[in-house]
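Student: Quick one: structure below, then a few questions.
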Amino acid sequence: MNCVRCRVSGRVQGVWFRASTQKQALILGLVGHAINQDDGGVEVLACGQDEDVKRLVDWLWQGPVLARVKNVTTEKIALDALPSRFVTE
């Protein structure tokens with residue numbers, strides 16, 4: 001299992017970014033969250049198979065139709081640093 005935390009900036013709030021990210025993650029079989037940030041960005045935590053996580057990160061650069069993504073930063077997260085609700089056996 002691979003987990004990453006992404007920070008997405010640009011026009012990503014008020015454009016269905018979180019809901020669209022959830023839909024993509026469910027299609028890929030990932031767990032995690034997408035949370036609006038005070039600075040106008042969105043934090044995405046995604047955990048699952050390496051290739052599926054990569055596909056979601058690639059999708060974040062595009063987002064839904066109304067989004068205008070300027071930047072996506074990613075950091076790998078250790079499994080032991082995750083809340084228990086994200087860790088599956």
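Student: Would you confirm whether any residue within the range 18-34 is in contact with a Pro (Cβ under 7 Å, 6 or more places away or on another chain) and buried (at least 18 other Cβ atoms within 10 Å of the Cβ)? Break it down stepwise before answering.
Tutor: Step one: filter the range 18-34 for residues in contact with a Pro (Cβ under 7 Å, 6 or more places away or on another chain), giving 20.
Cutting the leftovers down to buried (at least 18 other Cβ atoms within 10 Å of the Cβ) gives us 20.
Looking for residues that are in contact with a Pro (Cβ under 7 Å, 6 or more places away or on another chain) and buried (at least 18 other Cβ atoms within 10 Å of the Cβ), one finds at least one in the range 18-34, hence yes.
Okay, residues lined up against (1) part of a strand (DSSP E or B); (2) modelled with pLDDT of 95 or more; (3) open to solvent by 100 Å² or more (accessible area, probe 1.4 Å); (4) touching a helix residue (DSSP H, G or I) at 6+ places or on another chain (Cβ under 8 Å):
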| residue | (1), (2), (3), (4) |
| --- | --- |
| Leu45 | yes, yes, no, yes |
| Lys54 | no, yes, yes, no |
| Trp59 | no, yes, no, yes |
| Pro64 | no, yes, no, yes |
| Asn71 | yes, yes, no, no |
| Thr74 | yes, yes, no, yes |
| Arg85 | no, no, yes, no |
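Student: A follow-up question, please. Considering only residues that are closer than 15 Å to Lys70 by Cβ and assigned to a strand (DSSP E or B), which ones fall in the range 1-37? Spell out the reasoning first.
Tutor: From the range 1-37, those closer than 15 Å to Lys70 by Cβ are 6-13, 15, 17, 37; that's our starting set.
Scanning the range 1-37 gives Cys6, Arg7, Val8, Ser9, Gly10, Arg11.
Student: Mind checking which residues of the range 4-18 are of a type in the set (D, E, K, R) and over 26 Å from Asp50 (Cα atoms)?
Tutor: Selection gives Arg11 alone.
Student: Of all the residues that make up the range 22-43, how many are polar (S, T, N, Q) and in contact with a helix residue (DSSP H, G or I) (Cβ under 6 Å, 6 or more places away or on another chain)? It would help to see each step written out before you state the result.
Tutor: Initially, the range 22-43 is screened for residues polar (S, T, N, Q), giving 22, 24, 36-37.
This time we only want the ones that are in contact with a helix residue (DSSP H, G or I) (Cβ under 6 Å, 6 or more places away or on another chain), so: 24.
Here the count works out to 1.
Student: Which condition number does Gly40 fail, the rest of (1) touching a Leu at 6+ places or on another chain (Cβ under 7 Å); (2) assigned to a loop (DSSP other than H, G, I, E, B); (3) open to solvent by 20 Å² or more (accessible area, probe 1.4 Å) being met?
Tutor: Result: Gly40 passes all but (1).
Student: Quick check on the range 4-17. Is at least one of its residues open to solvent by 90 Å² or more (accessible area, probe 1.4 Å), at positive phi and out of contact with any strand residue (DSSP E or B) (no Cβ under 6 Å at 6 or more places or on another chain)?
Tutor: We begin by selecting, within the range 4-17, every residue open to solvent by 90 Å² or more (accessible area, probe 1.4 Å); these are 11, 16.
Those left that are additionally at positive phi: 16.
Still in the list and also out of contact with any strand residue (DSSP E or B) (no Cβ under 6 Å at 6 or more places or on another chain): 16.
Yes, the range 4-17 contains a residue that is open to solvent by 90 Å² or more (accessible area, probe 1.4 Å), at positive phi and out of contact with any strand residue (DSSP E or B) (no Cβ under 6 Å at 6 or more places or on another chain).
The values are calculated or read from the model by the stated rules, or taken from the named source; none is laboratory data. As the structure is a prediction and not an experimental result, all values here were calculated from the model. Here the Cβ is made from the backbone with ideal geometry for all residues, glycine too, and neighbour counts use every protein chain on show. In case anyone asks, the SASA skips ligands and DNA or RNA and just uses the protein heavy atoms, side chains included. Shrake-Rupley method; radii C 1.70, N 1.55, O 1.52, S 1.80 Å.
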